[in-house]
Amino acid sequence: MKTLLLSLLLVSFAYAQSGTKLTVKISGLESDKGQFIVSVWPGEQAWKDKQPIGRFPVQIVNGGAEFVRENLAEGDYAVTVYHDKNSNGKMDRHWYGPPKEKGAASNGARAQTFGPPKWEDMKFPLSGTEQTIEIKFD
């Protein structure tokens, strides 16, 4: 009986740890001032609804950073990052709307003239046990 319980516990633990590990390597800043805010978007509907998995602050070291999120389900994802220069946890904007702080997205997707990047430009398929993407600030 103890062996059966132990086996079930091990199987359930292994199952709970399944999923894909996403590593995001961020580079291209000339300053370590402030922090990056990384948002992970699990599908187009999450992007449309402005509902990322989370907005994660990441320390900048030598103009870059590395962010890891584990146990993600397979599917289409996008990642957006902005340089929160004053570490206030929000993207500061000019009085007339455009951001004051630089942003970047997966696949090198660029912001539209009057808005964020298009989902189609920044999405990528996430699958397997591990995946690494790179995001570079220009």
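The rows are residues; the columns are (1) under 13 Å from the mean Cα position of the chain (by Cα); (2) modelled with pLDDT of 90 or more.
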position: Tyr96; (1), (2): no, no
position: Ala109; (1), (2): no, yes
position: Phe114; (1), (2): no, no
position: Asp121; (1), (2): no, yes
position: Thr129; (1), (2): no, yes
position: Ile135; (1), (2): yes, yes
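Based on this model, can you work out whether Ala104 counts as touching a residue at least 60 places away in the same chain (Cβ under 8 Å) and under 16 Å from the mean Cα position of the chain (by Cα)?
So Ala104 passes the test.
When you scan segment 14-84 for strands (runs of 3 or more DSSP E) that lie fully inside it, which ones turn up with 1 or more residues that are surrounded by 12 or more Cβ atoms within 10 Å (Cβ to Cβ), of a type in the set (D, E, K, R) and free of Cβ contacts under 8 Å to residues at least 40 places away in the same chain?
54-59
Which count do you get for residues in segment 88-121 that are exposed (fewer than 11 other Cβ atoms within 10 Å of the Cβ) and among the small types (Gly, Ala, Ser)?
The number of residues fulfilling the criteria is 3.
Suppose the filter is free of Cβ contacts under 8 Å to residues at least 60 places away in the same chain, more than 15 Å from Leu29 (Cβ to Cβ) and touching a strand residue (DSSP E or B) at 6+ places or on another chain (Cβ under 8 Å); does Lys123 pass it?
No: the conditions fail for Lys123.
Looking only at segment 88-138, count every residue that is closer than 17 Å to Thr20 by Cβ and of a type outside the set (Val, Ile, Thr) and tell me the total.
10
If you go through segment 126-137 one residue at a time, do you hit one that is without any contact (Cβ under 8 Å) to a residue 60 or more places away in the chain and not polar (S, T, N, Q)?
Within segment 126-137 (the criterion being without any contact (Cβ under 8 Å) to a residue 60 or more places away in the chain and not polar (S, T, N, Q)), the answer is no, since none of the residues qualifies.
Which residue, of Ser87, Ser106, is within 15 Å of Pro42 (Cα to Cα), of a type in the set (Gly, Ala, Ser) and in contact with a Lys or Arg (Cβ under 9 Å, 6 or more places away or on another chain)?
Answer to the check: Ser106.
The values are calculated or read from the model by the stated rules, or taken from the named source; none is laboratory data. Remember, predicted model here, so these are calculated numbers, not experimental data. For neighbour counting, all protein chains shown are included, and Cβ atoms are generated from backbone atoms with ideal geometry for every residue, glycine included.
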